[in-house]
Amino acid sequence: MPRVLLIEDDRAVRDGVTLALRRQGHEVAAAETGEDGMNRLRSFRPDVVVLDLMLPGMTGLDVCRGMRALDQTLPIIMATARGDDEDIVVGLEAGADDYVVKPVRARVLEARIRAVLRRAAGVPADAGIPKIDTHGDLAIDRAGLAVAWQGAPVPLAPSELRLLLTLSASPGQVFSRQQLLEAVWEHSFHGDARLVDACVKRLRGKLGEPPREPRYIQTVRGFGYRFTSR
Amino acid sequence: MRLVVAFALVAALTATTTGALTFREARTGVLQQSQDAVIKLLRTQVSRLASGLAFPPGRAELRRFAADVAKGEPSGTWRVLAAYRELSATSVPDDPFEELTPALREAVGSSPATVFQRVTSADHTSLVVGMSVIYIAPAEAGRPVSGVRVFLTVPQTTELAYVDALVEAVWRAAVPALLLAVLLALLAARGVLRPVRALRSATRNIAEGRLDTRLAVNGSDELAELSHTFNETAAALEESVAELRGMEVRARRFAADVSHELRTPLAAMAAVTDVLDEEAARLDPDTATAVRLISEETVKLARLVDDLMEISRFDAGAAVLHLDEIDLAESLRRTLASRAWTDTVEARLPEPDALRGRVDPRRLDVAVANLVGNALRHGAQPVLVRLYEDEGPGAGRRAVIEVLDSGPGIPAGVLPHVFERFYKSDTARTRTEGSGLGLAIAEENIRIHGGTVRAANRPEGGAVFTVELPLRRDEPQREGRS
């Protein structure tokens, strides 16, 4: 029974989404404020968080960053009333794994939740290969789903880990944003490059890549990204 | 420039003409005066001395007469020749008297009047005067002309020097005057041209949208008045433009605020529509109908609000392109597939990777989906989507996407308005499945790519929407596909 923590300040939306998700078989805890949501994190121990971006007091961005600091692997779906590109990008860069733009139908939200949960369960396509890849300072444990850089573990969010696993499975191969979107986010809707770009940016930051000349994850202009082990 | 040249030319012409005319008058005056003085003195001398001349005179008498006449001029520059019939004598012995031309000699012989001629030889100019001596003695009353002729040569060195001095004086006066005149002309031209130039650049500024442009008003001439009028016009223009912009901004903000405020209640409603749909099956028919109606309308309302938000983003200039080089045929195929149109819409697309372009994939998807959706709703099947590359003359490489349907076509009166927001072809304003914003959003999405979209009717029936996208490519790849 997946446990969903919903943080939403509007009562009607909170009740509506709670009702819809409960009927889909989720166990739902609803929090009215960001502070409340942070408190419920320990007691409720959710599998996934659905987070409203515009909250009074502690904003959705603050909550997102705070949760990432506590738990790197908790999937967070950002629900935003503002579909402006800028808001979405800011939310994604704060560490959200996915986003939905309100108003969202219960079926769509449900599909997104299931997708992030599948990813969080960590069953990447090549999970059967029990080995640890080392690329210079970077070590990727495919079986244990852990990443270390210079011997120290690097905490990665589910989408970041899955992106790194997907790219590093075939070093040198160029993946288009669309391919990555489908492999990592399981999005059937095509063309949302913002998810990919924001995630690559976060991943580079965590791997300590120099922004000008990234060593591992390289941009191939006009096509997408590729992983190089050199 | 033309004005400057004209001013300078007028000034130069005035100065030179004045100089030249002054010189001519002065020269004529000088020569005339000296000539008159010489002739008058000669005549006086001749009249005074003629009575003492014996008749008919011998050579010695002629010589003495000539010498006497020559003495009449105190400075002694006169050279005189006296002649009677074949006899002639000069005031200075053995003077060849070269200056005397046969024409002058002839002229004096046949007329009692005084004749003169200016003769220039080698390096000096002389005035040669000739006159006949007229007898006034009663005894010879029948023959007034005595036959004695007197010729006088006076060098005109002084006069010429004087004229030369005059030329130099005129020259010296004219050059500074000319320079001064040209200078003043340039200043005057600049005085006129500067405000004209300022006016020109100010007009250009206004045309480029810098409505706060104003001119400095100096003095109270016609130019100042023109500048003043210009400033007033610019101020009025700026004011009304600011007013219009303010109204436009308020209207846009209102649309955005409305969409935004609609979003929250809609989010709650949209979340439970699926619950309502599921429940409807178990309810009594009337309640089920009511519930399904609410559910359907909520979905439509949600789509309308989405479209309104999208339009207000375009209006606010907040729509950004996220360009990516993609395979256009693949993009179109996905657009059809993701909306389950693959079976209802025929696609004639180029080979994979044959036509790549730099576009925002999401916006292209929205535009194509709206055009195809429109064709499916308002036209009739079969609907055909075509994609090909077109290299128009001068327009560069373009990708052309055509959406054709087999419906009745678009009425001629509606055709110019199809891309307008909420445009309804019939006055009854029947509600269709769409939001009424689909084509407007499609057009905005194409426009932001620098492309165009137009609607037309096919001669064989049905409507055709044609999208033309400029094909921008990335710079040559440094890293290829590996």
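Candidates in the range B:357-374 are the residues that are touching a strand residue (DSSP E or B) at 6+ places or on another chain (Cβ under 6 Å) and within 9 Å of another protein chain (Cβ to nearest Cβ); of these, the one that is surrounded by the fewest Cβ atoms within 10 Å (Cβ to Cβ) is B:358.
Okay, residues lined up against (1) modelled with pLDDT of 80 or more; (2) among the hydroxyl-bearing types (Ser, Thr, Tyr); (3) in contact with a Lys or Arg (Cβ under 8 Å, 6 or more places away or on another chain); (4) within 22 Å of residue A:9 (Cβ to Cβ):
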{"position": "A:95", "(1), (2), (3), (4)": "yes, no, yes, yes"}
{"position": "A:100", "(1), (2), (3), (4)": "yes, no, yes, yes"}
{"position": "A:113", "(1), (2), (3), (4)": "yes, no, no, yes"}
{"position": "A:126", "(1), (2), (3), (4)": "no, no, yes, no"}
{"position": "A:131", "(1), (2), (3), (4)": "no, no, yes, no"}
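Of all residues in the range B:34-64, those that are among the hydrophobic types (A, V, I, L, M, F, W, C), part of a helix (DSSP H, G or I) and surrounded by 16 or more Cβ atoms within 10 Å (Cβ to Cβ) total 8. The residue list B:166, B:178, B:215 contains one member that is touching a Lys or Arg at 6+ places or on another chain (Cβ under 9 Å) and buried (at least 16 other Cβ atoms within 10 Å of the Cβ), which is B:166. Among the candidates B:256, B:251, B:271, B:234, the residue that is buried (at least 16 other Cβ atoms within 10 Å of the Cβ), more than 13 Å from every other protein chain (Cβ to nearest Cβ) and either aliphatic (A, V, I, L, M) or closer than 18 Å to residue A:108 by Cα (or both) is uniquely B:234.
Could you tell me whether any residue of the range B:75-89 is of a type in the set (Ser, Thr, Tyr) and either touching a Cys at 6+ places or on another chain (Cβ under 7 Å) or crowded, with 17+ Cβ neighbours inside 10 Å (or both)? Looking for residues that are of a type in the set (Ser, Thr, Tyr) and either touching a Cys at 6+ places or on another chain (Cβ under 7 Å) or crowded, with 17+ Cβ neighbours inside 10 Å (or both), one finds at least one in the range B:75-89, hence yes.
Can you work out which of the residues in the range A:138-194 that are of a type in the set (D, E, K, R), in a helix (DSSP H, G or I) and more than 11 Å from chain B (Cβ to nearest Cβ) is surrounded by the fewest Cβ atoms within 10 Å (Cβ to Cβ)? The selected residue is A:160. Taken together, the residues in the range B:281-303 that are aliphatic (A, V, I, L, M), closer than 20 Å to residue A:103 by Cβ and in contact with a Lys or Arg (Cβ under 9 Å, 6 or more places away or on another chain) amount to 2.
If we keep just the residues of the range A:16-49 that are over 16 Å from residue A:66 (Cα atoms) and of a type in the set (A, V, I, L, M), which is farthest from the chain's Cα centre (by Cα)? Among residues in the range A:16-49 that are over 16 Å from residue A:66 (Cα atoms) and of a type in the set (A, V, I, L, M), the one farthest from the chain's Cα centre (by Cα) is A:19. If you go through the range A:1-23 and keep only what is within 13 Å of chain B (Cβ to nearest Cβ) and assigned to a loop (DSSP other than H, G, I, E, B), you end up with A:8, A:9, A:10. Assessment of the range B:201-224 against the conditions (more than 14 Å from chain A (Cβ to nearest Cβ) and within 30 Å of residue A:105 (Cα to Cα)) yields no matching residue.
A single member of B:307, B:284, B:327 is of a type outside the set (Ser, Thr, Tyr) and surrounded by fewer than 13 Cβ atoms within 10 Å (Cβ to Cβ), and it is B:284. Figure legend. Inter-residue proximity from the range B:195-211: first residues without any contact (Cβ under 8 Å) to a residue 40 or more places away in the chain, second residues surrounded by 12 or more Cβ atoms within 10 Å (Cβ to Cβ) and of a type in the set (Val, Ile, Thr), beta-carbon distance below 7 Å, spacing 6+ or different chains. Indicated pairs: B:202/B:213; B:205/B:213; B:206/B:213; B:211/B:241. Looking across the range B:321-338, just one residue is among the basic types (Lys, Arg) and either under 21 Å from residue A:196 (Cα atoms) or within 8 Å of chain A (Cβ to nearest Cβ) (or both), and that is B:334. Restricting attention to the range A:204-215, the residues that are closer than 27 Å to residue B:359 by Cα and surrounded by 16 or more Cβ atoms within 10 Å (Cβ to Cβ) add up to 2.
Would you confirm whether any residue within the range B:277-285 is closer than 28 Å to residue B:310 by Cβ, more than 14 Å from chain A (Cβ to nearest Cβ) and not hydroxyl-bearing (Ser, Thr, Tyr)? So far as the range B:277-285 goes, no, none of its residues is closer than 28 Å to residue B:310 by Cβ, more than 14 Å from chain A (Cβ to nearest Cβ) and not hydroxyl-bearing (Ser, Thr, Tyr). Taking the residues in the range A:68-103 that are surrounded by 23 or more Cβ atoms within 10 Å (Cβ to Cβ) and within 11 Å of chain B (Cβ to nearest Cβ) as candidates, determine which candidate is nearest to residue A:1 (Cα to Cα). The residue in question is A:79.
Can residue A:91 be described as under 20 Å from residue A:201 (Cβ atoms), modelled with pLDDT under 85 and assigned to a loop (DSSP other than H, G, I, E, B)? No, not satisfied. Taking the range A:24-46 as the range and being part of a helix (DSSP H, G or I), surrounded by fewer than 16 Cβ atoms within 10 Å (Cβ to Cβ) and of a type in the set (Gly, Ala, Ser) as the test, only A:43 passes.
In the range A:3-13, the qualifying residues are those that are in contact with a helix residue (DSSP H, G or I) (Cβ under 8 Å, 6 or more places away or on another chain) and surrounded by 17 or more Cβ atoms within 10 Å (Cβ to Cβ), and the one that is nearest to residue A:114 (Cα to Cα) is A:4. Considering the range B:103-119 alone, what residues qualify as being among the polar types (S, T, N, Q) and within 19 Å of residue B:84 (Cβ to Cβ)? Those that are among the polar types (S, T, N, Q) and within 19 Å of residue B:84 (Cβ to Cβ): B:110, B:111, B:114.
The values are calculated or read from the model by the stated rules, or taken from the named source; none is laboratory data. Keep in mind the model is a prediction, meaning the values are calculated, not measured. Neighbour counts run over all protein chains shown; Cβ positions are idealised from the backbone, glycine included.
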